[in-house]
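First the structure, in the form of structure tokens, and then the observations on it.
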Amino acid sequence: MTLSTADAGVGPSRGPVLGLAAQLGLLALLGSTLGLTPAGLVAGAAYGLVLCGLLGAGLARAGLNELGAANAVTLSRAILVGGVTAMVVTSFTQPVSVPALVTIASVALALDGVDGQVARRTKTTTALGARFDMEVDAFLILVLSVYAGDRYGWWPVALGAFRYAFVAASWAWPWLNAALPPRFSRKVVAAVQGIALALVIAGLLPTVAAVAVLALALASLTWSFGLDVRWLHRAMRVREAARSRWSEERATPARRPALAH
């Protein structure tokens, strides 16, 4: 169900424009078939405008001449997230089709990793592509956690808010912006969040089981972020110690060897 919003050769200026057109087309389709509210359609359109605007700015800043196949896959996934956003906002005032919501969200989740594989196989891995993929994942989890929170209490929203709280904290403590080493468990925990939310919003679990699944997902996410914060804090202390030693060495005049008599 990958949307053909842009091909690998589409230039950076056309890619976001085609993406926005595809986003509006998907919203029109969902609106006519599922009866989305005006608020839902506006939310989906606003998401699409921000998404494509930021993507265009990112491509220009990175100096990329083409959108690329991997980014086209991520953009297709991001457009599906726009449809999920519109449906979740609609659900605040009227029921939405749960099968349609779960299907679209599940396809977006399933496509996670495809863009990375495409980038590696085509040797087009970029920092922009990695950031684009991560932000799409984070926003999808946030939207799904809002849907779950509206039904099970607002504490599950922490599943989606964790990432944005971490970013906000990095403004106060810049050492949180340092690069993290790859960690397989981080990928597993990220995948667990999407699976848990998709399972819960499908409505296949009794309330007690759904709450338990959400609680376990939140516990694993807290553990994963805790490991990252601990590693970043230790790395900051190591850097500070190294800078201190370097400053002391510069401040201490070099000793000259004594002359032989």
Of these, Trp175, Trp223, which one is farther than 28 Å from Met87 by Cβ, outside any loop (DSSP other than H, G, I, E, B) and either at pLDDT below 95 or among the acidic types (Asp, Glu) (or both)? Trp175
Number of positions in segment 61-80 that are farther than 16 Å from Leu18 by Cα and either of a type in the set (Ser, Thr, Tyr) or touching a Leu at 6+ places or on another chain (Cβ under 6 Å) (or both): 1
Verdict on Gly116 being surrounded by 15 or more Cβ atoms within 10 Å (Cβ to Cβ), under 16 Å from the mean Cα position of the chain (by Cα), touching a residue at least 12 places away in the same chain (Cβ under 8 Å) and within 22 Å of Ala62 (Cα to Cα): yes
Report yes if some residue within segment 9-20 is surrounded by 21 or more Cβ atoms within 10 Å (Cβ to Cβ), of a type in the set (Gly, Ala, Ser) and either farther than 29 Å from Thr124 by Cβ or modelled with pLDDT of 95 or more (or both); otherwise report no. no
All but one of (1) part of a helix (DSSP H, G or I); (2) farther than 30 Å from Gly149 by Cα; (3) in contact (Cβ under 8 Å) with a residue 12 or more places away in the chain hold for Leu101; which doesn't? (2)
Does Val98 satisfy being surrounded by fewer than 18 Cβ atoms within 10 Å (Cβ to Cβ), out of contact with any Leu (no Cβ under 8 Å at 6 or more places or on another chain) and modelled with pLDDT of 90 or more? yes
Taking only segment 34-80 into account, find how many residues are touching a Gly at 6+ places or on another chain (Cβ under 6 Å), of a type in the set (A, V, I, L, M, F, W, C) and closer than 17 Å to Ala119 by Cα. 3
Restricting segment 123-167 to residues that are touching a Pro at 6+ places or on another chain (Cβ under 7 Å) and either outside any helix (DSSP H, G or I) or not aliphatic (A, V, I, L, M) (or both), which is surrounded by the most Cβ atoms within 10 Å (Cβ to Cβ)? Ser145
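The values are calculated or read from the model by the stated rules, or taken from the named source; none is laboratory data. Quantities reported herein were computed from a predicted structural model and do not represent experimental measurements. Every residue, glycine as well, gets a Cβ built from its backbone with ideal geometry; the counts of neighbours run over all protein chains shown.
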